[in-house]
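Here's the structure we're looking at; comments come further down.
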Amino acid sequence: MAKMHTLLTLSVRSAAEFLNKQEIIAFPTETVYGLAGRIDSEKALNKIFQAKGRPADNPLIVHIYCFEQLSGLAENLNPNALKLIENFWPGPLTLILEGTKQISPLINAGLGTIAVRQPKHQMALELIEEVGIPLAAPSANLSGKPSGTLAKHILEDFDGLIPCILDGGATIHGLESTVVNCQKPEEINILRLGSIPFEALQEVIPNIKINNNNKSASPGLKYKHYAPRAQVQLINCPKEINSFFECAYIGFEPAHQNIQKQKIINSNELYAAVLFAFFRECDEMGFKTIFCQMPQPSGLGLTLIDRLLKASSH
Ligand code: AMP
Ligand code: MG
């Protein structure tokens, strides 16, 4: 790809102008930064895959600013899908719904479905409204890397490759949206754990299942994800750490003082908010190993465990 100047801006209008010229830009959401293109621009959609190095069979999430924008994208919404929308939109919940015929195969990888969500982030909503049509946007990171949670992370991955980054500061949740398959009302299942905890969804749909290993239902699951360059080692307790050289640590209890870089967090929410930024900082500082304390397997802890397992398996 030819190198270009990357503008860092606070102006929603400037970012929208690039989108309307069929360019792609990075923008903040409440989960992580997204790399957006207009859904009606084949040129922009192709650029998303090219810039990220994203495999063509990994479909994109479409972002809308109001419920009305759903009508051109999805059809035959069942009562459970509507219940989830009512309870969790705007918010970090992506629904897989039956797609309309107009959906480009570049967006849904020819699956006939559509992944869609309404973000809960003022700048994101203003941007989509300004452009006037929904935006396809995967996470704004090179494929396989941790998602970006600060504009600085987007520059690290895409400086010179995209024309614009809309800077909204740090994202709130720090982990991606929860992806729920809603095609069949009697079989609602979670394809990817995310920023909405499992238990919150269960309160609305009591028989919802976690099915986050179904690689045919959600092609993205088969790819390497969320990995820093350093090796990620999972531990239950910091006392398990027996080598300190070039090592960093993140967890709930302090580790041995010989570990130079430590991040102590006191909640799963904070763990989620800082994890990817911590991975990137450790890479920048040249650490070889990152020890991560495993959270309890409930609430956001389940999502964190999913990301930690993926980050450590390479
Ligand atoms: P990302 O936006 O990079 O966080 O990744 C989007 C995730 O949503 C990936 O795991 C995709 O496989 C999944 N996804 C997107 N569209 C669909 C779809 N139509 N059906 C199933 N999964 C999808
Ligand atoms: Mg991603």
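Regarding Ala115, is this residue surrounded by 22 or more Cβ atoms within 10 Å (Cβ to Cβ) and not in a loop (DSSP other than H, G, I, E, B)? Criteria met by Ala115.
Filter segment 277-294 down to the residues that are of a type in the set (A, V, I, L, M) and surrounded by fewer than 17 Cβ atoms within 10 Å (Cβ to Cβ) and list them by number. Matches in segment 277-294: Met285, Met294.
State whether the residues of segment 73-91 include one that is closer than 21 Å to Asn181 by Cα and within 15 Å of ligand 2 (Cβ to nearest atom). Taking every residue of segment 73-91 in turn, none turns out to be closer than 21 Å to Asn181 by Cα and within 15 Å of ligand 2 (Cβ to nearest atom). Scanning segment 35-44 for residues that are of a type outside the set (S, T, N, Q) and either farther than 23 Å from Ala151 by Cβ or in contact with a Pro (Cβ under 7 Å, 6 or more places away or on another chain) (or both) turns up Leu35, Ile39, Asp40, Glu42, Lys43.
Residues of segment 245-274 that are under 22 Å from His173 (Cα atoms) and of a type in the set (A, V, I, L, M, F, W, C): Ile250, Phe252, Ile264, Ile265, Leu270, Ala272, Ala273, Val274. Within segment 118-146, being near ligand 1 (Cβ under 10 Å from one of its atoms) and either closer than 24 Å to Phe279 by Cβ or not in a strand (DSSP E or B) (or both) holds for Ala137, Pro138, Ser139, Ala140, Asn141, Ser143. If you check Gly53, Gly37, Gly91 for being within 29 Å of Asp157 (Cα to Cα) and in contact with a Lys or Arg (Cβ under 6 Å, 6 or more places away or on another chain), only one passes: Gly91. For the residues Leu135, Leu142, Leu106, the requirement of being of a type in the set (A, V, I, L, M) and either more than 16 Å from ligand 2 (Cβ to nearest atom) or without any contact (Cβ under 8 Å) to a residue 60 or more places away in the chain (or both) singles out Leu106. Test His121 against the stated conditions and say whether it is closer than 30 Å to Glu284 by Cα and within 16 Å of ligand 2 (Cβ to nearest atom). Taking the combined requirement at face value, the residue does not satisfy it. Applying the condition of being part of a strand (DSSP E or B) and over 23 Å from His225 (Cα atoms) to segment 147-166 and asking which residue is farthest from ligand 2 (Cβ to nearest atom) yields Cys164. Of all residues being hydrophobic (A, V, I, L, M, F, W, C) and within 16 Å of ligand 2 (Cβ to nearest atom) in segment 191-208, which is farthest from the chain's Cα centre (by Cα)? Just the residue, please. It comes out as Leu191.
Every listed requirement among (1) farther than 17 Å from Arg54 by Cβ; (2) within 16 Å of ligand 2 (Cβ to nearest atom); (3) at pLDDT below 95 is met by Asn211 save one, (2). Residues in segment 167-189: is at least one within 14 Å of ligand 2 (Cβ to nearest atom), hydroxyl-bearing (Ser, Thr, Tyr) and either farther than 12 Å from Thr29 by Cα or surrounded by fewer than 24 Cβ atoms within 10 Å (Cβ to Cβ) (or both)? Within segment 167-189, one or more residues are within 14 Å of ligand 2 (Cβ to nearest atom), hydroxyl-bearing (Ser, Thr, Tyr) and either farther than 12 Å from Thr29 by Cα or surrounded by fewer than 24 Cβ atoms within 10 Å (Cβ to Cβ) (or both).
When segment 246-287 is examined, which residues are found to be touching a Lys or Arg at 6+ places or on another chain (Cβ under 8 Å) and assigned to a loop (DSSP other than H, G, I, E, B)? Listed by number, the residues that qualify are Glu246, Met285, Phe287.
If you check Ala248 against the conditions, is it within 22 Å of Lys152 (Cα to Cα), under 20 Å from the mean Cα position of the chain (by Cα), among the small types (Gly, Ala, Ser) and buried (at least 17 other Cβ atoms within 10 Å of the Cβ)? Judged against the criteria, Ala248 is not a match.
Residues in segment 213-243 that are assigned to a loop (DSSP other than H, G, I, E, B), more than 16 Å from ligand 1 (Cβ to nearest atom) and surrounded by 15 or more Cβ atoms within 10 Å (Cβ to Cβ): 3 in all.
The values are calculated or read from the model by the stated rules, or taken from the named source; none is laboratory data. In this text, all values refer to a predicted model and were calculated from it rather than measured experimentally. No Cβ is skipped: glycine too gets one built from the backbone with ideal geometry, and neighbour counts run over all protein chains shown.
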